[in-house]
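The values are calculated or read from the model by the stated rules, or taken from the named source; none is laboratory data. Given the structure is predicted, the values throughout are model-derived calculations rather than measurements. Every residue, glycine among them, receives a Cβ derived from its backbone with ideal geometry; neighbour counts consider all protein chains shown. The protein model used for the area step is the full one, side chains on, heavy atoms only, and it has no ligands, DNA or RNA in it. Shrake-Rupley method; radii C 1.70, N 1.55, O 1.52, S 1.80 Å.
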Amino acid sequence: MSDLTTTAAASVDSRLEGHRVELTGYCYRMLGSAFEAEDAVQDTLVRAWRNFDKFEGRSSLRSWLYRIATNVCLDMLNAGNKRARPVDLTGPTPLAQAALNPLPENTWLEPMPDGRILPSVADPAEAAVAKESVRLAFVAALQHLPPKQRAVLILREVLAWKASEVAELLDTSVASVNSALQRARATLTDNRAPDTANPLDAEQQKLLERYVSAFEGYDMTALTALLHEDAVMTMPPFDLWLKGHDDITGFMLSYGASCAGSRLVATEANGTPAFAHYKPNPEGSGFVPWALQIIDITDGAISGMHCFLDTPRWFPLFGLPDHLAADAA
């Protein structure tokens with residue numbers, strides 16, 4: 001390979017890689033899976049690399065990549081799998097009937113680090129929309145849409161594409177795009193996202209500080225005071241979910257009693273506050289991974305504690321350590 005060819009190849013690599021984060025965000029919204037989204041983007045970039053000499057510049061490179069990514073996602077979605085949260089599959093389980101039944105990994109909507117799906121933008125309003133569009137509740141709602149409606153809604157409402165641009169990408173008419181968008185909006189009407197501010201306001205920051213203090217102190221009275229009356233607690237891969245502070249704190253004092261004395265490390269997932277939950281190491285000193293917690297805030301209270309327990313998958317994805325020392329603060 002000549003120096004010129006090498007330079008040209010490096011330039012193509014750089015141009016393609018510059019779109020990785022936004023493409024991952026798009027594929028994540030489409031698929032509801034962190035790892036499937038990253039696989040889809042890798043497939044997209046490989047296809048783009050192999051066919052770059054056929055890219056004629058009639059559209060922008062970004063539009064061309066989104067066309068490829070959309071086709072990759074639609075192919076993956078044709079397999080029929082639709083990811084969900086525990087609250088989408090069953091009603092809440094009373095504490096007295098609690099049983100921990102795991103379901104297969106491909107059942108669940110997965111968490112995603114903000115840094116992998118949210119490109120840096122200067123406009124605060126644009127950043128707020130981007131964060132709202134990757135929250136668990138919104139991504140879960142998207143899974144109820146047929147794949148092409150899902151693509152239309154994301155491209156039009158989240159990414160602010162024109163109807164004509166979406167029609168060209170999907171090889172359809174503007175009228176079909178507008179009709180799909182109307183149907184998608186109607187389906188999502190009843191799905192309200194948590195009202196976490198972007199960035200967190202002072203009251204929400206204080207609420208989270210009190211939450212960390214109550215959780216690490218395993219003070220159920222203090223925790224109850226922070227929970228919304230309709231708060232939910234989910235624990236994928238288990239299908240069990242709990243509603244109301246009595247059942248949540250009752251579970252933590254029974255099934256979850258080994259979490260007393262835990263430590264929480266702040267992180268960010270799905271455009272909302274999150275914590276890496278480490279519980280005391282039962283076999284030695286320090287603390288070991290137990291869950292990735294994603295926190296919903298509604299009306300000034302904690303309305304959701306979504307605890308993803310498959311830490312061998314989630315902690316490396318989030319760049320979190322696999323152990324905390326005994327003196328971790």
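Taking amide H positions as modeled 1.01 Å from N, with prolines and chain starts lacking one, the residues under 5 Å from Trp108 and 5 or more places away or on another chain are Ala84.
Charge dipole (Cα centre; +1 on Lys/Arg Cβ, -1 on Asp/Glu Cβ; no other charges) of region 6-106 amounts to roughly 300 debye.
From its DSSP helices (H runs of at least four residues, each -39,500 (n - 2.57)), the chain gives a residue-normalised ellipticity at 222 nm of -13500 deg cm²/dmol.
Which pairs in the list Lys162/Lys243; Lys243/Lys279; Lys54/Lys131; Lys162/Lys206; Lys54/Lys162 are over 30 Å apart, alpha-carbon to alpha-carbon? Provide the component values of the computation, followed by the final result.
On the way: Lys162/Lys243 41 Å; Lys243/Lys279 23 Å; Lys54/Lys131 35 Å; Lys162/Lys206 40 Å; Lys54/Lys162 25 Å.
Long pairs (Cα-Cα over 30 Å): Lys162/Lys243; Lys54/Lys131; Lys162/Lys206.
Within the accessible area of the chain, the carbon and sulfur atoms contribute 51%, probe 1.4 Å, all protein chains present.
Considering every alpha-carbon pair of region 8-71, the percent of pairs per 10 Å bin, from zero through the bin containing the longest distance, is 23, 56, 19, 2.
Return one whole number: the accessible area per residue of the chain in Å², for a 1.4 Å probe. Walk me through the numbers on the way to the answer.
On the way: 15410 Å² over 329 residues.
Heavy-atom accessible area per residue stands at 47 Å².
Taking trypsin sites (Lys or Arg not before Pro) as exposed when their DSSP state is a loop state and no more than 13 other Cβ atoms lie within 10 Å, the longest site-free interval of the chain runs over 193-329.
Think of the chain as a dipole: +1 on every Lys or Arg Cβ, -1 on every Asp or Glu Cβ, centred on the Cα centre; then among Leu292, Leu181, Met252, Leu181 lies furthest on the positive end.
Distant-in-sequence amide contacts of Ala269, defined by a placed amide H-H separation under 5 Å and a gap of 5 or more residues or a different chain, comprise Asp114, Ala274.
Note that the chain, at 4 °C in a medium of 1.567 mPa s, gets a Stokes-Einstein diffusion coefficient of 61 µm²/s from its Kirkwood radius over C-alpha pairs.
Return one quarter of the surface area of the convex hull spanned by the alpha-carbon atoms of region 1-120, equal to its mean projected area, in nm².
Details: hull surface 41.5 nm².
Computing the convex hull of the Cα atoms and averaging its projections yields 10.4 nm².
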